[in-house]
Amino acid sequence: MESRGITVPEANPAETAKPRRRQARGERRVAQLLEAAAGVFCRSGYAAASTNAIAREAGVSPGTLYQFFPNKEAIAIELGGQLLHKANVMHGQAFLPENLHLPLPELLDAVLDPVITFNCENPAFWALMHGSGIPGHINDEHEALHQGLQTRVEGILATFLPEAPQAELSRTAHMTLAVFKAGLDLILASEGAEREAYVAELKTVLLRYLDPLIGDRTGAPGTPAR
């Protein structure tokens, strides 16, 4: 190629491809390390996990791990950030406006099923977000996620109980989430048919708690109390 009499060498396609291949290999290695970290955090918890254990789980040397992450905290922040993003997307799918027109049992199914599925498919989320000693950055983002969930639940309750005081809505939402968290702990600790049984039990508990409050109003948001 020539420009104003100066010859500019053409780019070598092979040389251009090398950085891209190196970048792709690096991305695969990062994904491999994060997957290994998820397994270690699930088994040992964040506080007891170590970079050596993560490296062993990934089948690489500690030196290789340190090429990508300086310490365990950096791994947890990267993994936690990815999981928190997925959780936010999932909450948007669970709390769809059209779900408010469903009868209470179907409403619970529509909201709970995506949340339960996400946690079962990503057990590291529970281990990392509820473990001891997690980095402050993750803790702050998880607290924001939880507060957003609290607000969503309060919004559902307010739709069916428009005249209820805010303090009552907040208290009911807190209790609903506390029951859900306790039930999810049992669900994640079990597998197969036992897990399905706990899912059914959790929905039964929440149905019996919420039905006296909003059961006769679901399917018609905003219906005045009888």
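The values are calculated or read from the model by the stated rules, or taken from the named source; none is laboratory data. None of the values given here were measured: they were computed from a predicted structure. Methodologically, a virtual Cβ is constructed for each residue, glycine included, from the backbone with ideal geometry; neighbour enumeration extends over all protein chains shown.
Listed values, structure above:
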quantity	calculated
Options Asp109, Asp140: the member that is within 30 Å of Ser50 (Cβ to Cβ) and of a type outside the set (A, V, I, L, M)	Asp140
Pair list, Cβ under 9 Å, 6 or more apart: region 34-55 residue closer than 18 Å to Gly81 by Cα and outside the structural domain of Gly131 (by TED's automatic domain parsing), other residue in a helix (DSSP H, G or I) and among the acidic types (Asp, Glu)	Leu34/Glu78; Glu35/Glu57; Ala36/Glu57; Ala37/Glu57; Ala37/Glu78; Gly39/Glu57; Val40/Glu57
Condition broken by Ile77, with the remaining ones in (1) assigned by TED's automatic domain parsing to the domain that holds Leu202; (2) out of contact with any Ser or Thr (no Cβ under 6 Å at 6 or more places or on another chain); (3) closer than 30 Å to Lys203 by Cα; (4) not hydroxyl-bearing (Ser, Thr, Tyr) satisfied	(3)
Yes/no for Leu100 being in contact with an Asp or Glu (Cβ under 6 Å, 6 or more places away or on another chain), assigned to a helix (DSSP H, G or I) and either touching a residue at least 60 places away in the same chain (Cβ under 8 Å) or outside the structural domain of Gly39 (by TED's automatic domain parsing) (or both)	no
Condition met for Leu107 (surrounded by 12 or more Cβ atoms within 10 Å (Cβ to Cβ) and touching a residue at least 60 places away in the same chain (Cβ under 8 Å))	yes
Selection status of Ser61, at pLDDT 95 or above and surrounded by fewer than 19 Cβ atoms within 10 Å (Cβ to Cβ)	yes
Residue list for region 13-47, restricted to those being out of contact with any helix residue (DSSP H, G or I) (no Cβ under 9 Å at 6 or more places or on another chain), of a type outside the set (D, E, K, R) and modelled with pLDDT of 90 or more	Ala31, Ala47
Per-region count, region 116-144, residues hydrophobic (A, V, I, L, M, F, W, C), in a helix (DSSP H, G or I), surrounded by 17 or more Cβ atoms within 10 Å (Cβ to Cβ) and in contact (Cβ under 8 Å) with a residue 40 or more places away in the chain	8
Hey, Asn52 under 25 Å from Glu143 (Cα atoms) and polar (S, T, N, Q) or not	no
Yes/no for Thr176 being under 28 Å from Pro97 (Cβ atoms), surrounded by fewer than 14 Cβ atoms within 10 Å (Cβ to Cβ) and out of contact with any strand residue (DSSP E or B) (no Cβ under 9 Å at 6 or more places or on another chain)	no
Counted residues, region 166-184 - those being without any contact (Cβ under 8 Å) to a residue 12 or more places away in the chain and either within 18 Å of Pro123 (Cα to Cα) or β-branched (Val, Ile, Thr) (or both)	2
